[in-house]
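Here the structure is laid out as structure tokens; the discussion comes afterwards.
Values quoted throughout were computed directly from the atomic coordinates according to the rules given, and no laboratory measurement underlies them. The structure displayed is predicted, hence computed values, not measured ones. Here Cβ is always computed from backbone atoms with ideal geometry, including for glycine, and neighbour counts include all displayed protein chains.
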Amino acid sequence: MKQSHPEELGSLTSESRNPDSEDIDLLPVAAILEKINHADAQVPTAVQQVLPDVAKAVDAVVQAFRDGGRLIYMGAGTSGRIGLLDAVECPPTYGVPEGMVIPLIAGGEAAVHRAQEGAEDDPGLGMADLKNIDLSSRDVVVGIAASGRTPYVVGGLRYARSLGCTAVALACNRTAAIADEADIAILPEVGPEILTGSTRMKAGTAQKLVLNMITTASMIRLGKSFHNLMVDVKATNNKLVDRTRRIVMEATGVTFAEADKVLDQCDQNAKLAIMVILSGLERDDAETALADAGGFLRRALQETGKTGTR
């Protein structure tokens, strides 16, 4: 891949100087923080402008999951780490299997903790990492790069499209090169950073907001929520055991003791426990009703003649 010239990088808004912070090295701490906070406040507005493109990505991810495909994030540096943060939260939060959402970072696991110089500059490495996870046409690949020019991501998206995958580009420049390699381009332009080129700041925040939206909305569309409760949460530690119990109590109005009793009968499955309590069905019948409703608790209750309230 052709190397980016300094003048090309300098033309990107994510790399340009912010006129509002040119005197930041002269300011007291309180004033520095005010400038950072003011800049950060621009990020949600930039993301709002690209919500139609985020919706396209969600639709593609939901379809992939229904077809047995996966969601794969790939990026370098901060972008790769943000993808990792979102991916690793999906199994405990939504009860999905490990490997349904996969994060890839240029340089591999070592790059999570320490920069791996040069890894992001190799487009072949992006392709190789996707080959190593047996990428298939059913998968969705989201390439994340603040500048939109990272060769590792370009190579990965190009390979993904060659297999017929849906390729999604997430960058913070409207002229992002990775947009040319994608079926869907999500380009929230957050403007220059407080410290020139420090894209772990506004750009990183924008990327995290978008990835949170993609997985959260996709999981909701798969029936992983009841009202706004995470009913497929896995009770894998004390905090999540308590959260699971409170979810059942919130959804049904039962007491602490009754929630515990039904959760024990349902192997700590909050969705199933709620179905048992609200429908009055025995566990096996409640499981069948949920399966028939595609895992959607509200739909299962409606089909059994219940309204979703006790």
Checklist entry - Cα centroid distance between the stretch 13-88 and the stretch 252-310, in Å? => result 38
Checklist entry - Working out 0.36 nm times the residue gap between R114 and A257, then minus their Cα-Cα distance, what length gain in nm do you get to one decimal? => result 46.8 nm
Checklist entry - For labels at E98 and T236 in the simple 7 Å Cα→Cβ model, what's the distance in nm? => result 0.8
Checklist outcome for this item: Protection proxy (average C-beta count within 10 Å per residue), highest first, orders 231-238, 272-279 as 272-279, 231-238
Next on the checklist: Between helix 283-292 and the chain, what is the angle of the helix's C-alpha long axis to the longest principal axis, kept within 0 to 90° and rounded to the nearest 10?
Outcome noted: 50
Item to check | Lys, Arg +1 and Asp, Glu -1 on Cβ, resulting dipole of the chain about Cα centre, debye, nearest 20 | outcome: 660
Item to check | Along each principal axis, Cα extent of the stretch 190-310, largest first, Å | outcome: 61, 30, 20
Checklist entry - Ranked highest first by the average count of other Cβ atoms within 10 Å around their residues, in what order do 76-82, 207-213 fall? => result 76-82, 207-213
Item to check | Cα long-axis angle, helix 77-88 against the chain (0 to 90 degrees, to the nearest 10) | outcome: 0
Checklist entry - With charges set only on the Cβ (+1 for Lys and Arg, -1 for Asp and Glu), what does the dipole of the stretch 74-210 come to about its Cα centre, in debye to the nearest 20? => result 240
Checklist outcome for this item: Taking every DSSP bridge whose two residues both lie in the stretch 140-229, the antiparallel percent to the nearest 5 is 10
Next on the checklist: Given the DSSP H assignment, sum -39500 (n - 2.57) over each helix run of at least 4 residues in the chain and divide by its residue total; what's the result at 222 nm in deg cm²/dmol, nearest 500?
Outcome noted: -14500 deg cm²/dmol
Checklist entry - Can you flag which of K56/K131; K131/K224; K56/K202; K35/K202 are past 18 Å Cα-Cα? => result K56/K131; K131/K224; K56/K202
Item to check | Given charges at Cβ of Lys, Arg, Asp, Glu: the stretch 238-303 dipole, positive-most of A286, T244, N269 | outcome: T244
Item to check | Cα-based helix-to-principal-axis angle, 123-132 vs the chain, degrees rounded to 10 | outcome: 20
Next on the checklist: What FRET efficiency comes out for R243 versus L85 if R0 is 22 angstrom and r is the Cβ-Cβ distance? Round to the nearest 0.05.
Outcome noted: 0.70
Checklist outcome for this item: Using eta = 1.002 mPa s and T = 20 °C, Stokes-Einstein with Kirkwood Rh from Cα pairs puts D for the stretch 49-173, in µm² s⁻¹, at 149
Checklist outcome for this item: Quick calc: nm separation of the 7 Å Cα→Cβ label points for S136 and E22 -> 5.6
Checklist entry - Between the DSSP loop rule and a limit of at most 15 other Cβ atoms within 10 Å, which GluC sites (Glu not before Pro) in the stretch 233-310 are left? => result E282
Checklist entry - Relative contact order of the stretch 6-221: what whole-number percent is it, with Cα pairs under 8 angstrom and at least 6 residues apart? => result 29
Item to check | Read-out Kirkwood radius over Cα pairs in Å, derived from the coordinates shown; its label in (i) 19.6; (ii) 21.1; (iii) 20.1 | outcome: (ii)
Checklist entry - If packing is taken as the mean number of other Cβ atoms within 10 Å per residue, what is the order of 195-205, 125-135, highest first? => result 195-205, 125-135
